[in-house]
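Structure first, then comments.
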Amino acid sequence: MKIKEKIQALLDAGHSTTIRNEIISYVGSSQPRMAALMDFFFHEKWRYGQRAAWPIGHIGSKQPQLIAPYLSKMVHELDNAQHDAVVRNTIRIFADIAIPEELEGPLYDKCMAYVLDLKQPIAVRCFSLTVLKKIAKPYPELQEELLAVVHEYMPHGSAGFKVRCRRIIKAFSS
């Protein structure tokens, strides 16, 4: 069975922790297998993107070298994501890895938009706060902007959102 057919069969089998782990194991540290999985992540059928997102989130966080060739496209495709899982796992990866400098600006803008959009799922907003904190760390002007947003949105956030807001306040308040 070819790589792409094997991954498609796994994605078609359903959506469970067992299948996720099987995909992660199958990809291993193979760049060709990762490329095939990424084809499904960017697939026009939303179900493939959704099902590929979970294993990709784990692989990207634990093996950033496998996800590195796709980071720019992942940021670009956030505007076209057909499922929340794609956005959530993309942002989650950036919360866990070193962010390339050339992606900081576009990623900061997208994450800020997610935080400000109360209709976004809470996980997307929380992971976005973590990414914003990482990007803002060396830039005092971004820290000020982020602190202003945090102070405005924290009182109405979930418990997890408030925890991340407090971490930002602690990190950036003098």
Just how many % of Cα pairs in the range 101-174 lie over 18 Å apart, if you round to the nearest whole percent? 28
About the Cα centre, and with charges only on the beta carbon of Lys, Arg (+1) and Asp, Glu (-1), how big is the dipole of the chain? Nearest 20 debye, please. 700
Along the range 89-101, Karplus-curve 3J(HN,Hα) (6.51, -1.76, 1.60; θ = phi - 60°) to the nearest Hz, with x for Gly and Pro, reads 6, 5, 5, 4, 4, 5, 5, 9, 10, 5, 8, x, 4
Relative contact order of the chain, defined on C-alpha pairs under 8 angstrom at six or more residues apart (%): 14
Peptides 51-58, 128-135: what's the order by average Cβ count within 10 Å, highest mean first? 51-58, 128-135
Across the range 165-173, in residue order, what do the Karplus-derived ³J(HN,Hα) couplings come to in whole Hz, using 6.51 cos²θ - 1.76 cosθ + 1.60 with θ = phi - 60° and x for Gly and Pro? 5, 4, 5, 5, 4, 5, 5, 10, 8
Sorted largest first, the Cα spans of the range 1-98 on the principal axes come out in Å as 33, 26, 22
Which residue, chosen from GLY157, LEU107, LEU146, occupies the Cα position most advanced towards the positive end of the dipole of the range 101-174, where the dipole is computed from +1 (Lys, Arg) and -1 (Asp, Glu) charges on Cβ about the Cα centre? GLY157
For a 28 Å ceiling on Cα separation, which of these pairs sit above it: LYS119/LYS162; LYS45/LYS137; LYS73/LYS170; LYS45/LYS134; LYS45/LYS162? LYS45/LYS137; LYS73/LYS170; LYS45/LYS134; LYS45/LYS162
Which option, (1) 1.18; (2) 1.01; (3) 1.03, is the value of Rg/Rh (Cα atoms, Kirkwood Rh) that was calculated from these coordinates? (2)
Which residue, LEU11, LEU71, ASN89, has the largest displacement toward the positive end of the dipole of the range 1-98 when charges sit on each Cβ (Lys, Arg +1; Asp, Glu -1)? LEU11
Can you return the aspartates and glutamates within cross-link range of LYS4? Criterion is Cα-Cα under 19 Å, with same-chain partners fewer than 8 residues away left out. ASP12, GLU22, ASP39, GLU44
At 0.36 nm per residue, minus the direct Cα-Cα distance, what do ALA159 and ALA13 gain on full extension? Give it in nm, one decimal, please. 49.1 nm
Once the Cβ-Cβ distance between LYS6 and GLU102 is put in as r, and R0 is 45 Å, what FRET efficiency do you end up with, to the nearest 0.05? 0.85
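Read the figures in this text as sums done on the coordinates, not as results from a lab. Just so it is clear, the structure is predicted and the values come from calculations on it, not from any experiment. Cβ: placed from backbone, ideal geometry, glycine included. Neighbour counts: every protein chain shown.
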